[in-house]
């Protein structure tokens, strides 16, 4: 358990999630570890997401800035009150022990970022891929090479706000994306944070901190195509940022 004086915030980023936000917040209300704050950033939504979220004991901020989840996440990190921030998406449901397990590795001062497994409800390909990555690939690579690179996924991670600020947060991602020629709708903020926060400490995987999501992939073929594209782009980003001595 974390020290009692540490304040924990949960940050929920949601865009047009009226079909899922209630289930997300219900799952947060059932946590075995209760956070001091739940902040919901409803960004550029045109549906009832904010109205539904406002019925819960949470703080809701309606954000109408530039489009893209990165800007909503940045707004959230600017607005949270906690020393530790656990992040989840508005279409995700957390297991009852999620918060306890996702923040627990941050007891170790050498850990700067924690990620957890994500299970897809609607796409078998992504379900199999996530199981392999979190319960096969990551443990195997860590066994063979303890400092092997692992990265977190945006719908399920936690960090210390002081470490986030120490690396400049997400402010440099736009220049990286533009330098590599990616389109304006592509925001690999989870990979970027992993690379930046590795300068502050190690990345831990909390295998019991599970969430389930209703993904935006349109079937297995679309999921495979996006996965292959993102893997290629991830390698480009890693090479580019390592050249900058990150």
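The values are calculated or read from the model by the stated rules, or taken from the named source; none is laboratory data. The structure presented is a predicted model; accordingly, all values stated were derived computationally and were not measured. Here Cβ is always computed from backbone atoms with ideal geometry, including for glycine, and neighbour counts include all displayed protein chains.
The table below lists the values:
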| read-out | value |
| --- | --- |
| Conditions (1) touching a helix residue (DSSP H, G or I) at 6+ places or on another chain (Cβ under 6 Å); (2) surrounded by fewer than 17 Cβ atoms within 10 Å (Cβ to Cβ); (3) under 18 Å from residue 188 (Cα atoms); number of the one not met by residue 67 | (1) |
| Tally, over segment 107-130, of residues that are out of contact with any strand residue (DSSP E or B) (no Cβ under 6 Å at 6 or more places or on another chain) and buried (at least 21 other Cβ atoms within 10 Å of the Cβ) | 3 |
| Candidates 93, 78 - the one that is surrounded by fewer than 15 Cβ atoms within 10 Å (Cβ to Cβ) and not in a loop (DSSP other than H, G, I, E, B) | 78 |
| In segment 1-16, the residues that are modelled with pLDDT of 95 or more and either surrounded by fewer than 20 Cβ atoms within 10 Å (Cβ to Cβ) or in a loop (DSSP other than H, G, I, E, B) (or both) | 7 |
| Residues within segment 61-75 that are part of a loop (DSSP other than H, G, I, E, B) and either touching a strand residue (DSSP E or B) at 6+ places or on another chain (Cβ under 6 Å) or on the phi > 0 side of the Ramachandran plot (or both), tallied | 1 |
| Scope segment 164-174; condition outside any loop (DSSP other than H, G, I, E, B), at pLDDT 95 or above and surrounded by 18 or more Cβ atoms within 10 Å (Cβ to Cβ); matching residues | 164 |
| Any hit, segment 51-58, residues being closer than 23 Å to residue 115 by Cα, in contact with a helix residue (DSSP H, G or I) (Cβ under 7 Å, 6 or more places away or on another chain), part of a helix (DSSP H, G or I) and without any contact (Cβ under 8 Å) to a residue 40 or more places away in the chain | no |
| Positions within segment 131-160 being in a helix (DSSP H, G or I) and either touching a helix residue (DSSP H, G or I) at 6+ places or on another chain (Cβ under 7 Å) or surrounded by 20 or more Cβ atoms within 10 Å (Cβ to Cβ) (or both), in sequence order | 134, 138 |
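Matching residues to (1) under 30 Å from residue 19 (Cβ atoms); (2) modelled with pLDDT of 90 or more; (3) under 14 Å from the mean Cα position of the chain (by Cα); (4) buried (at least 16 other Cβ atoms within 10 Å of the Cβ):
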residue: 176; (1), (2), (3), (4): no, yes, no, yes
residue: 183; (1), (2), (3), (4): yes, no, no, no
residue: 198; (1), (2), (3), (4): no, yes, no, yes
residue: 213; (1), (2), (3), (4): yes, no, yes, yes
residue: 230; (1), (2), (3), (4): yes, no, no, no
residue: 244; (1), (2), (3), (4): no, no, no, no
